[in-house]
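The values are calculated or read from the model by the stated rules, or taken from the named source; none is laboratory data. Keep in mind that what you see is a predicted model, and the values were worked out from it rather than measured. Counting neighbours? That spans all protein chains shown, and the Cβs are built from the backbone with ideal geometry, glycine included. All accessible areas refer to the heavy atoms of the entire protein, side chains included, with ligands and DNA or RNA removed. Shrake-Rupley method; radii C 1.70, N 1.55, O 1.52, S 1.80 Å.
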Amino acid sequence: MCYGRLERTVTFRFTTAGESHGRGLVAVLEGIPAGLPVSADRINAELKRRMGGYGRGARMKIEADQIEWLAGVRAGETLGSPIAMLVWNRDWENWQDVMAPEADGPPSPEPRRRQVTRPRPGHADLTGVLKYDRQDARDILERASARETVARVACGAVCKLLLEQFGVEIGSHVVELGGITARVGAQHAAPLPSSLNAAADASPIRCLDPQAEREMIARIDAAKAAGDTVGGVVEVVALGVPVGLGSHVSWDRKLDGRIAQAVMSIPAVKGVELGLGFEAARRKGSEVHDEILPGLARATNRAGGTEGGMTTGEPLVVRVAMKPISTLMAPLRTVDLATGGAAQAQSERSDVTAVPAMGVIAEAMLALVLAQAMLEKFGGDSLAELQRNFAGYVAQVRARTPKGAAS
């Protein structure tokens, strides 16, 4: 007798659709409970944050990203059904003939305008055309473009609103850019500001170290003059996360692994660390693990808020490394797929750096993972039911705190 494989019921998921220069981007988010107060203004504020940052390209001067609710929201509250949002691409007006979905008419020997046959090293261009058997790399790059993250940020913004109901706040700041390192962050003694995003967003680089900010701007200017690009590292911090999200019992339920996968899916991200990250491998155990104090608090937070695949109740600290963008104004060598000969890579309109914006995207991805974990842990079809379940769990945890322990 053959038994089918048991699947864990999926109660929370999101997906996106759309191309960089297509008509628009669609975001679908399923599993948000009924009764959550939402507003387009709050979602649009996150989209605006994503568009900022010194070193961004001309595309950000064209777009004015705002959502339209398509489904799942009525009278300012979620309905418990899938939420659908649409963001129109204003640049579509300049690309209609290139990106038109319908065929051009009778077969023509002439390719569509702006065909891409010179794949860029570091981008999805070459691997994509080989995998999907396409002749024009635009069929690949339009979807592989980081423009898709507009829809992710929209979904993440809804999740941030849900997490706010439980006192969870997520922020980010740039800790390294172009080889310049800021002396601010979880690995440094100076505490982060109470409103991390308010402080970071006041900087054109989203950096909390004024001296490093000036050096980073100079590094961006130098890269732009050379036709080059620069990458960097952001630190994402979630405060107020309850103890016990995720699980140790199975590999796919470990929250740190889920966070790493979600953040690594952001275009151009090549590394993720939690807490000390790679630095933990260089230290002795006595310099890595977080001692437990009376009251069950931790003396330090070197683990970055997770142990055994579960949250500890300490701040969740994730650092994300983004490589330099692969579109260069001084292109690298490649091969022209149309001729087979040597060529210079395609030069698409792009940014010198998008590290500050990547921090906002990483916030969204972390919010999506934490929202899913909260729903798995506490359940509920309505916000009120979720809140009741959460309150009961918090009371249970507090009851385990040794009586008479220091607060």
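On inspection, S247 does not qualify as in contact (Cβ under 8 Å) with a residue 60 or more places away in the chain and under 15 Å from the mean Cα position of the chain (by Cα).
Evaluated against (1) assigned to a loop (DSSP other than H, G, I, E, B); (2) open to solvent by 50 Å² or more (accessible area, probe 1.4 Å), S286 falls short on exactly one condition, (1).
Taking the criterion of being surrounded by fewer than 20 Cβ atoms within 10 Å (Cβ to Cβ) and among the β-branched types (V, I, T), the residues of the stretch 206-261 that qualify are I217, V243, V249. Please indicate, with yes or no, whether at least one residue in the stretch 157-166 is free of Cβ contacts under 8 Å to residues at least 40 places away in the same chain, open to solvent by 20 Å² or more (accessible area, probe 1.4 Å) and under 26 Å from V233 (Cα atoms). Among the residues of the stretch 157-166, at least one is free of Cβ contacts under 8 Å to residues at least 40 places away in the same chain, open to solvent by 20 Å² or more (accessible area, probe 1.4 Å) and under 26 Å from V233 (Cα atoms), which makes the answer yes.
Residues in the stretch 219-241 that are touching a strand residue (DSSP E or B) at 6+ places or on another chain (Cβ under 7 Å) and part of a loop (DSSP other than H, G, I, E, B): V230, G231, G240, V241.
One line per residue, one yes/no per condition, for (1) modelled with pLDDT of 95 or more; (2) over 29 Å from the mean Cα position of the chain (by Cα); (3) within 17 Å of L255 (Cα to Cα):
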site	(1), (2), (3)
T300	no, no, no
P315	yes, no, yes
M322	yes, no, no
D351	no, no, no
P356	yes, no, no
R398	no, yes, no
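The number of residues in the stretch 111-125 that are within 25 Å of K323 (Cβ to Cβ) and surrounded by fewer than 14 Cβ atoms within 10 Å (Cβ to Cβ) comes to 1. Against the criterion of being in contact with a strand residue (DSSP E or B) (Cβ under 7 Å, 6 or more places away or on another chain) and open to solvent by less than 60 Å² (accessible area, probe 1.4 Å), E363 qualifies. Can you pull out every residue in the stretch 57-102 that is touching an Asp or Glu at 6+ places or on another chain (Cβ under 6 Å) and among the hydrophobic types (A, V, I, L, M, F, W, C)? Hits for the stretch 57-102 are I62, L86, V87. The condition of being out of contact with any strand residue (DSSP E or B) (no Cβ under 9 Å at 6 or more places or on another chain), within 23 Å of P315 (Cβ to Cβ) and of a type in the set (D, E, K, R) does not hold for R349.
So which of V263, V272 is in contact (Cβ under 8 Å) with a residue 40 or more places away in the chain and either in contact with a Cys (Cβ under 6 Å, 6 or more places away or on another chain) or part of a strand (DSSP E or B) (or both)? None of the others qualify; the one that does is V272. Among the residues of the stretch 328-338, the one identified as open to solvent by 40 Å² or more (accessible area, probe 1.4 Å) and under 27 Å from the mean Cα position of the chain (by Cα) is M329.
Within the stretch 367-394, being charged (D, E, K, R) and in a loop (DSSP other than H, G, I, E, B) holds for one residue alone: D381. Within the stretch 339-349, is there a residue that is surrounded by fewer than 15 Cβ atoms within 10 Å (Cβ to Cβ) and closer than 30 Å to G31 by Cα? Looking for residues that are surrounded by fewer than 15 Cβ atoms within 10 Å (Cβ to Cβ) and closer than 30 Å to G31 by Cα, one finds none in the stretch 339-349, hence no.
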